[in-house]
Amino acid sequence: MTLNSIGLDTQKTKAVAKDLNQLLANFQLYYQNLRGIHWNIQGRAFFNLHEKFEELYTDANTKVDEIAERILTLGETPLHTFEDYTKAAKVPVGKNISIDEKAVNLIVDSLTELLKIERSILEAAGDANDEGTVAMMSDFITEQEKTVWMMKAWLGETV
């Protein structure tokens with residue numbers, strides 16, 4: 001077993017970084033979806049949702065940077081082209097969404113996909129004794145579960 005400079009198995013961290021790159025691609029698409037619904041939202045819920053979507057895309061932008069920096073910390077290169085993002089992303093693409101319910105459902109569907117990826121990374125990072133990535137995924141999961149609950153509550157649904 002070969003250890004990197006931060007004391008982790010290089011083969012295991014390579015696999016974790018690959019998974020983080022998939023998460024990065026999905027977050028980039030999620031971020032762009034949030035920008036689109038922020039710009040295009042209409043209707044009686046405009047003011048509240050416009051503000052909420054800005055809060056979410058600002059947070060997503062921060063997370064994109066954190067994910068990329070974690071990939072670099074693990075000794076790998078983060079994806080950084082839209083071509084790479086679209087090839088690797090699984091979150092739904094939201095185009096021309098201006099209706100509040102459709103926008104909120106897009107967020108729920110996107111977060112559901114992100115949570116699946118994050119839970120997979122959490123497990124792989126745990127197996128690699130990669131506490132930095134484990135902590136990051138735990139924080140992301142906790143925040144996103146709450147956001148899903150809030151969005152579902154707005155829709156009048158339960159988780």
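The values are calculated or read from the model by the stated rules, or taken from the named source; none is laboratory data. Keep in mind the model is a prediction, meaning the values are calculated, not measured. Glycine gets a Cβ as well: all are built from the backbone with ideal geometry, and neighbour counts include every protein chain shown.
Please go through region 8-29 and pick out each residue that is among the hydrophobic types (A, V, I, L, M, F, W, C), part of a helix (DSSP H, G or I) and closer than 9 Å to Leu74 by Cβ. Those that are among the hydrophobic types (A, V, I, L, M, F, W, C), part of a helix (DSSP H, G or I) and closer than 9 Å to Leu74 by Cβ: Val16, Ala17, Leu20. Checked against the criterion of being over 17 Å from Gly132 (Cβ atoms) and assigned to a loop (DSSP other than H, G, I, E, B), region 45-59 contains one or more residues that satisfy it. Please verify whether Glu143 is within 14 Å of Gln22 (Cβ to Cβ), assigned to a helix (DSSP H, G or I) and either of a type in the set (Phe, Trp, Tyr) or touching a helix residue (DSSP H, G or I) at 6+ places or on another chain (Cβ under 9 Å) (or both), treating the condition exactly as stated. So Glu143 fails the test.
For (1) of a type in the set (A, V, I, L, M); (2) surrounded by fewer than 14 Cβ atoms within 10 Å (Cβ to Cβ); (3) within 14 Å of the chain's Cα centre (by Cα); (4) under 20 Å from Trp154 (Cβ atoms), each residue gets a yes or a no:
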{"residue": "Lys12", "(1), (2), (3), (4)": "no, no, no, no"}
{"residue": "Leu23", "(1), (2), (3), (4)": "yes, no, yes, no"}
{"residue": "Gln32", "(1), (2), (3), (4)": "no, no, yes, no"}
{"residue": "Asp59", "(1), (2), (3), (4)": "no, no, yes, yes"}
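Only residues that are surrounded by fewer than 16 Cβ atoms within 10 Å (Cβ to Cβ), of a type outside the set (Asp, Glu) and within 30 Å of Thr2 (Cα to Cα) were counted across region 71-122, and they come to 7.
Let's see how each residue does on (1) basic (Lys, Arg); (2) in contact with a strand residue (DSSP E or B) (Cβ under 9 Å, 6 or more places away or on another chain); (3) in contact (Cβ under 8 Å) with a residue 60 or more places away in the chain:
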| position | (1), (2), (3) |
| --- | --- |
| Lys63 | yes, no, yes |
| Glu83 | no, no, no |
| Asp109 | no, no, no |
| Leu114 | no, no, yes |
| Glu118 | no, no, yes |
| Ile121 | no, no, yes |
| Met150 | no, no, no |
| Thr158 | no, no, no |
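Return yes or no: is Gly132 of a type in the set (Gly, Ala, Ser), in a loop (DSSP other than H, G, I, E, B), in contact with a Leu (Cβ under 9 Å, 6 or more places away or on another chain) and in contact (Cβ under 8 Å) with a residue 12 or more places away in the chain? Here the answer is no, as Gly132 does not meet what is asked.
Pairs are defined by a Cβ separation below 6 Å, a sequence spacing of at least 6 or placement on different chains, a first member in region 15-29 that is modelled with pLDDT under 95, and a second member that is surrounded by fewer than 21 Cβ atoms within 10 Å (Cβ to Cβ); no pair meets this definition. Scanning region 43-54 for residues that are surrounded by 13 or more Cβ atoms within 10 Å (Cβ to Cβ) and out of contact with any helix residue (DSSP H, G or I) (no Cβ under 7 Å at 6 or more places or on another chain) returns a single hit, Lys52. Could you tell me whether any residue of region 147-154 is of a type in the set (Phe, Trp, Tyr) and surrounded by fewer than 19 Cβ atoms within 10 Å (Cβ to Cβ)? The answer is yes, given that some residue of region 147-154 is of a type in the set (Phe, Trp, Tyr) and surrounded by fewer than 19 Cβ atoms within 10 Å (Cβ to Cβ).
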